[in-house]
Amino acid sequence: LRDNRIELVRASWHELSISVSDVSLSDEGQYTCSLFTMPVKTSKAFLTVLGVPEKPQITGFTSPVMEGERMQLTCKTSGSKPAADIRWFKNDKEVKDVKYIKEEDANRKTFTVSSTLDFLADRSDDGAVVSCRVDHESLNSTPQIAMQVLEIHYTPLVKIISSNSWPEEGQSIILTCESKGKPVPEPVLWTKDGGELPDPERMVVNGRVLSISFLNKTDNGTYRCEAKNPIGRNSTEYVLIVHDVFNTLLPTTVIPSLTTATVTTNVALTASTTTSATATSIRDPNALAGQTGPDHALIGGIVAVVVFVTLCSIILLGRYLARHKGTYLTNEAKGAEDAPDADTAIINAEGSQVNAEEKKEYFI
């Protein structure tokens, strides 16, 4: 062996050692050690030289990429022997659906390997890190990696958030328009029912926020938030419904059913209490809190009690008058209780007139 890269390390009757520096693919082959005896003895060994792959490179990326466009990224490495293995990752998640190509180099000893990643650009890919990883036995379990950060441009995504889920008259509400896009969307545009905001004094726009104070029924309608950037525009709507203010009546305004029951008999009291309990039990459970309507059962009970009391009063008055009705004797009739007949009674009656006999009348 005659090469400056080959150095004799040790030479003795028992051992002969050499070293080869800056190993190249040309050093691969069969090496023979001979012992010049009679006969000559030899020993052979085959040296395999691995081709270390070059650092990979990613091509085919142009920035920025519009959403929906097709992207083709190619990772390529040369000089590997045997052929290297290429794997794709997106945010540390391996991508399996790729195209793999292996070509032999001009020296017919090493290989050039390439792999293509083909996909449609999506807004979720914006900011994602795509990496190409080359694995080879010559790298001692330390792969070579090339990375590319994706930049995807897309139209704005718009959403309206309300500060009040149940707006009532007299209250205020704040509508926030969240818009996300790349490039960043321009200031949003607020409209109501397809036109401009009708009351700028109460409807104040500050950036992406619409504030409406002192709500009333005229504020009902559809509010639209529109955002745009150089890629396109998008919008969303919010339907505002202003509700009536709840009228909660004080307990003192409700007439208890037992108030009128105290003037009736025990039977009327029982009937009145039953009526009240029935009216309470069939009350609509779906009625909104604070809203009080006319209690027809209570009104009917009160009317019935009044009628009943009136009838009782008439009956009692009639019985009272009947008990004091009878026959009353005048002074003229006193002393005539024992008379055998009417004529004698008239004659014996006290205070009879002197000429009573002359005033007798006989009926035949």
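The values are calculated or read from the model by the stated rules, or taken from the named source; none is laboratory data. This one's a predicted model, so the numbers in the text were calculated from it and none came from an experiment. Because the Cβ atoms are built from the backbone with ideal geometry, glycine has one as well, and the counts that use them run over all protein chains shown. We work out accessible area using only protein heavy atoms, side chains counted, and drop any ligands, DNA or RNA first. Shrake-Rupley method; radii C 1.70, N 1.55, O 1.52, S 1.80 Å.
Would you mind working out the magnitude of the charge dipole of the stretch 55-149 relative to its Cα centre, with +1 at each Lys and Arg C-beta and -1 at each Asp and Glu C-beta, to the nearest 20 Debye?
The calculation lands at about 340 debye.
Can you list the residues, at least 5 places off or on another chain, whose amide H is less than 5 Å from the amide H of V242, using H built in the peptide plane?
The answer is N220.
With all protein chains present and a 1.4 Å probe, how do R10, R133, R202 order by accessible area, largest first? Show your work: numbers first, answer last.
Working: R10 135, R133 75, R202 40 Å².
Correct descending sequence by accessible area is R10, R133, R202.
Could you check how much of the accessible area of the stretch 153-238 is carbon and sulfur, as a whole percent, using a 1.4 Å probe?
52
Under 8 Å for C-alpha pairs, at least 6 residues apart: give me the relative contact order for the stretch 118-233, rounded to a whole percent.
RCO, the stretch 118-233: 26 percent.
Quick check: from the Cα gyration tensor, does the stretch 4-45 come out rounded (a/c under 1.5), prolate or oblate? Don't skip to the end; give the middle numbers.
Working: a/c = 3.71, a/b = 1.61, b/c = 2.31.
Oblate.
Size of the dipole of the stretch 153-238 about the Cα centre, Lys and Arg at +1 and Asp and Glu at -1 on the beta carbon, nothing else charged, in debye to 20?
460
Please calculate how many Å² of accessible area the stretch 153-238 carries per residue, with a 1.4 Å probe and no DNA, RNA or ligand atoms counted.
With the other protein chains kept in place, the stretch 153-238 gives 56 Å² per residue.
For the stretch 55-149, what % of the accessible area comes from carbon and sulfur atoms, probe 1.4 Å?
Working: 2550 of 5570 Å².
The C+S portion of the solvent-accessible surface of the stretch 55-149 is 46 percent.
Using a simple charge model, +1 on the beta-carbon of Lys and Arg, -1 on the beta-carbon of Asp and Glu, nothing else, what dipole does the stretch 1-99 show about its Cα centre, in debye to the nearest 20?
Once rounded to the nearest 20, the dipole reads 200 debye.
Quick one: 3J(HN,Hα) in Hz for the stretch 37-46, Karplus 6.51/-1.76/1.60 with θ = phi - 60°, rounded, Gly and Pro as x.
Listing the rounded values in order: 10, 10, x, 6, 10, 10, 9, 10, 8, 9 Hz.
How much of the accessible area of the stretch 4-45, in percent, comes from carbon and sulfur atoms when a 1.4 Å probe is used? Present the calculation step by step, with values, prior to reporting the outcome.
On the way: 2060 of 3720 Å².
In the stretch 4-45, the share of accessible area belonging to carbon and sulfur is 55 percent.
State the Kirkwood hydrodynamic radius of the stretch 153-238 in Å, one decimal place, computed from all pairs of distinct Cα atoms.
On the way: mean 1/r = 0.0751 Å⁻¹.
Hydrodynamic radius (Kirkwood, Cα pairs) of the stretch 153-238 is 13.3 Å.
For the modelled label position 7 Å from the Cα of S138 along Cα-to-Cβ, which residues of the stretch 23-62 have backbone nitrogen atoms closer than 18 Å?
Only 23-30, 47-57 pass the distance filter.
Which shape class, rounded, prolate or oblate, goes with the stretch 69-217 when its Cα gyration tensor gives a ≥ b ≥ c as root eigenvalues, a/c under 1.5 marks rounded, and past that a/b bigger than b/c marks prolate?
Prolate.
Within the set of other residues whose C-beta is less than 15 Å from the C-beta of S78, count the net charge using Lys and Arg as +1 and Asp and Glu as -1.
Counting the neighbours of S78, the net charge comes to +1.
For the stretch 1-135, what relative contact order do you get, as a whole percent, if you take Cα pairs closer than 8 Å and at least 6 residues apart?
Worked out over the stretch 1-135, it gives 20 percent.
What's the FRET efficiency of I161 with K93 using the Cβ-Cβ distance as r and R₀ = 25 Å, to the nearest 0.05? Mind showing how you got there, number by number?
Numbers: r = 32 Å, r/R0 = 1.27.
So, using R0 = 25 Å, E works out to roughly 0.20.
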